[in-house]
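Working notes, beginning with the structure itself.
The values are calculated or read from the model by the stated rules, or taken from the named source; none is laboratory data. All values reported here derive from a predicted model rather than from experimental measurement. Ideal geometry is used to build each Cβ from the backbone, glycine not excepted, and the neighbour counts take in all protein chains shown.
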Amino acid sequence: MSYDYDDQNIFARVLRGEIPNSTVLETEYCLAFNDITPQAPDHVLVIPKGPYVCFDHFADAASDAEIVDFTRAIGEVCRLLGVKPGEGGGGYRLLANSGEDGVQEVQHLHVHVIAGRPLGRMLQRPD
């Protein structure tokens, strides 16, 4: 499958330093920053620095080093937020929207780390 990456999307512009962000963590291959419209007390976006549209694109095209770094960056963000359940935190939700049906608004892979309050059920069953 072919993925058309728009290098003018908001996250590409954040990565180039054209748009400021509130950085939580930066690694060789990832950037994590606070969401500008948080849905919970803790709401951090983790994005790869490479031009990946969605998670399956990333899984298919990213290097092993990028995949490992991205996964570990998400874990480190959870540690920094103090939300890891095994370490006294109340837990968290990871969310990555992909494509039109997934309501992906920015065509650059991003994972939301959402925490800091009870989040309720993720989806409701259709009637």
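Remarks
- Yes/no for PHE33 being modelled with pLDDT of 95 or more, aromatic (Phe, Trp, Tyr) and in contact with a Ser or Thr (Cβ under 6 Å, 6 or more places away or on another chain): yes
- Yes/no for GLY116 being of a type outside the set (Lys, Arg), farther than 17 Å from ASN34 by Cβ and out of contact with any Leu (no Cβ under 6 Å at 6 or more places or on another chain): no
- When GLY89 is tested against (1) within 23 Å of GLN107 (Cβ to Cβ); (2) in contact with a Cys (Cβ under 9 Å, 6 or more places away or on another chain), only condition (1) is not met.
- Odd one out for THR23, checked against (1) exposed (fewer than 13 other Cβ atoms within 10 Å of the Cβ); (2) over 15 Å from the mean Cα position of the chain (by Cα): (2)
- Scanning the range 84-93 for residues that are assigned to a loop (DSSP other than H, G, I, E, B), surrounded by fewer than 15 Cβ atoms within 10 Å (Cβ to Cβ) and without any contact (Cβ under 8 Å) to a residue 12 or more places away in the chain returns a single hit, GLY88.
- Of all residue pairs spaced 6 or more apart or on separate chains, those with beta-carbon atoms under 6 Å, a first member in the range 94-115 that is within 19 Å of ASP42 (Cβ to Cβ) and surrounded by fewer than 20 Cβ atoms within 10 Å (Cβ to Cβ) and a second member that is aromatic (Phe, Trp, Tyr) and at pLDDT 95 or above are ALA96/PHE55.
- Top-ranked residue in the range 78-93 [being of a type in the set (Lys, Arg) and over 12 Å from the mean Cα position of the chain (by Cα); ranked as farthest from LEU45 (Cα to Cα)]: LYS84
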